[in-house]
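First up is the structure itself, then whatever we jot down about it.
Each reported figure results from applying straightforward, stated rules to the coordinates on display, with no laboratory input. Note that the coordinates shown come from a computational prediction; the quantities given were computed from them, not determined experimentally. Please note: Cβ atoms are built from the backbone with ideal geometry, for glycine as well, and neighbour counts cover all protein chains shown.
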Amino acid sequence: MSDGLSLFSLFISSFLSATLLPGNSEVVLVAMLLSGVSQPWLLVVIATMGNSAGGVTNVILGRLFPLRETSRWREKATGWLKRYGAATLLLSWMPVIGDLLCLLAGWMRISWGPVLFFLCLGKAIRYIVIAAVTLQGMTWWH
C-alpha cells in the first residue's frame, strides 16, 4: 500500500471511530507504527485530524438535530457539560460516551472555540499515548 493510501486509510478509520460506526483507529495506528509506514508524528497527526473531524461532525449533528429522548447517560453527560463546560470534551475520545458528549455539546450550543480546542486536544492526547506506548514497547522488545 502506498504511503498516501495508508495515510488516507488511517484518516478514514479515525474519522469513523469518532462516530457510532466501527473504525478501529487504534488498531490501524498501531499496525502502521509497527510497520514503519511513515513517521510516527505524522501518523499521530493524521489520526488526530480524522478523529477530530468525526467529533466535529457529531457536534454539527447535535446542533442540527434536536435530541428528543432522554436517558440516564444523557442526563449525566449534560450535567458534566453544564458543570465543566467544553473541557468535558477532553473525554471525547472515549467509546460511546465521547460521541454523546460531542452531540450534546452541539445541542447545548457550546461556543465553537472551546469545543474545537478541547475536542482536538483530547483526541490528540489519546493518540500520543497510544503511539508512545507502542514505540516504547518496540524499544523494549528489541
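Count Lys and Arg as plus one, Asp and Glu as minus one, and take only other residues whose Cβ is under 10 Å from that of Leu90; the net charge is then +2.
Using θ = phi - 60° in the Karplus curve 6.51 cos²θ - 1.76 cosθ + 1.60, the 3J(HN,Hα) couplings for region 83-97 round to 6, 9, x, 4, 4, 4, 6, 4, 8, 5, 7, 5, x, 6, 5 Hz; x is entered for Gly and Pro. Each peptide in 62-68, 93-99, 9-15 was scored by the mean count of other Cβ atoms within 10 Å over its residues; highest first, the order is 9-15, 93-99, 62-68. Each of [x] 30, 15, 12; [y] 27, 19, 17; [z] 32, 17, 12 is a candidate for semi-axes √(5λ) of the Cα gyration tensor in Å; the one calculated from this structure is [x]. Computed about the Cα centre, the dipole magnitude for the chain is approximately 620 debye when only Lys and Arg (+1) and Asp and Glu (-1) carry charge, each at its Cβ. Spatially, region 1-70 and region 88-142 are offset by 11 Å when compared through their Cα centroids.
Candidates Leu10, Val56, Thr134 compared by Cα position along the dipole of the chain: farthest toward the positive end lies Val56, with charges placed on Cβ.
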